[in-house]
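Worksheet: the structure to be examined is printed underneath.
The values are calculated or read from the model by the stated rules, or taken from the named source; none is laboratory data. Since the structure is predicted, the reported quantities are computational estimates derived from the model, not experimental observations. Note that each Cβ is placed from the backbone with ideal geometry, even for glycine, and that neighbours are counted across all protein chains shown. Surface areas here come from the heavy atoms of the whole protein model, side chains and all, with no ligands, DNA or RNA. Shrake-Rupley method; radii C 1.70, N 1.55, O 1.52, S 1.80 Å.
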Amino acid sequence: LYTVRPEEQSVELFLGRYHSVGNPGLNFAPWPFVTAEVLPVTREENINIGTSNGRSGDTGLMLTTDENIVDLDFQVVWNIKDPAQFLFNLRDPSETIRAVSESAMREIIAASQLAPILNRDRGLIADNAQALIQETLDSYDAGVNIVRLNLDKADPPAEVIDSFREVQAAEQEADRLRRQADAYANRVLAGARGEAAQILEEAEAYRAQVVNEAEGDASRFLAVLTEYRNAPDVTRKRLYLETMESVLGDVDKIILDDAVSGNGGGQGVVPYLPLNELRRGADTSTATQ
């Protein structure tokens, strides 16, 4: 007679071969033909892998896909899923789980780059490693369930950690300068775009002004042409007077009337008399009064 507690399962062997699984509670095994192995199936076991877990060697040093080395410490937590498979298919369950776990982690790290491993992808790497370890052990019919995988540490090797931190600081400084350059480029680009838009608007306004003036001049010319065709003499004289007014309007001039100066056409005027100066003096006196 033997007892199986709720957190345990038993495997009964008939003449050394697997026979059945015992139920929780009191069980009967007629010895020596039937023997029983009682296993704690709900108890969680831990396997620690890494350079800081008291084991010799470099089990925690792994190579990344960008040819860097990362120092990992992780813990695999497992329990028994199938007692019969666990008893008969694994000679040394702990070492088998350790070897499979280390191999799976190396495979995942070899496909990853160093920077994400150290920063944002640690949880994802732990999940992928747990799934790969479980898949491999299931292919062995190991009867083992991987409860969780704890990735405790992911650092560069101790020999190069100072240099690595300097590289990280340089990368952060480069990223800061790159952001500053992008901000300056965006500011200058926005200013250039605004200036270009202003120039285009001014050019468009000038174009519209020139077109409107040309259309106005053409309209006036057509109107004058119509009037000229209706009354050529009057229109010709009016054009002459308007032209002379525009030409002589701002000119400082003196007009001599032949009727006053005599028939000589101005011969009664002293040739060297400074008429312009006299006129300016008269204008000044009038303004003063």
Any chance the range 240-254 includes a residue that's in contact with a Phe, Trp or Tyr (Cβ under 7 Å, 6 or more places away or on another chain), surrounded by 10 or more Cβ atoms within 10 Å (Cβ to Cβ) and modelled with pLDDT under 80?
no
May I ask you to verify whether THR235 is modelled with pLDDT under 80 and open to solvent by 80 Å² or more (accessible area, probe 1.4 Å)?
no
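Quick one: count up the residues across the range 89-110 that are outside any helix (DSSP H, G or I) and either surrounded by 14 or more Cβ atoms within 10 Å (Cβ to Cβ) or among the acidic types (Asp, Glu) (or both).
Here the count works out to 2.
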Is at least one residue of the range 24-45 modelled with pLDDT under 70 and more than 28 Å from LYS81 (Cβ to Cβ)?
no
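Is there a residue being farther than 20 Å from ASP152 by Cβ, of a type outside the set (Phe, Trp, Tyr) and modelled with pLDDT of 85 or more anywhere in the range 61-77? Steps first, answer last, please.
The initial filter retains those residues of the range 61-77 that are farther than 20 Å from ASP152 by Cβ, namely 65-67.
Then drop every residue that is not of a type outside the set (Phe, Trp, Tyr), which leaves 65-67.
Narrowing further to those that are modelled with pLDDT of 85 or more: 65.
Yes, there is a match, as at least one residue in the range 61-77 is farther than 20 Å from ASP152 by Cβ, of a type outside the set (Phe, Trp, Tyr) and modelled with pLDDT of 85 or more.
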Any idea which of (1) open to solvent by less than 60 Å² (accessible area, probe 1.4 Å); (2) more than 27 Å from the chain's Cα centre (by Cα); (3) without any contact (Cβ under 8 Å) to a residue 24 or more places away in the chain is the one LEU132 doesn't satisfy?
(3)
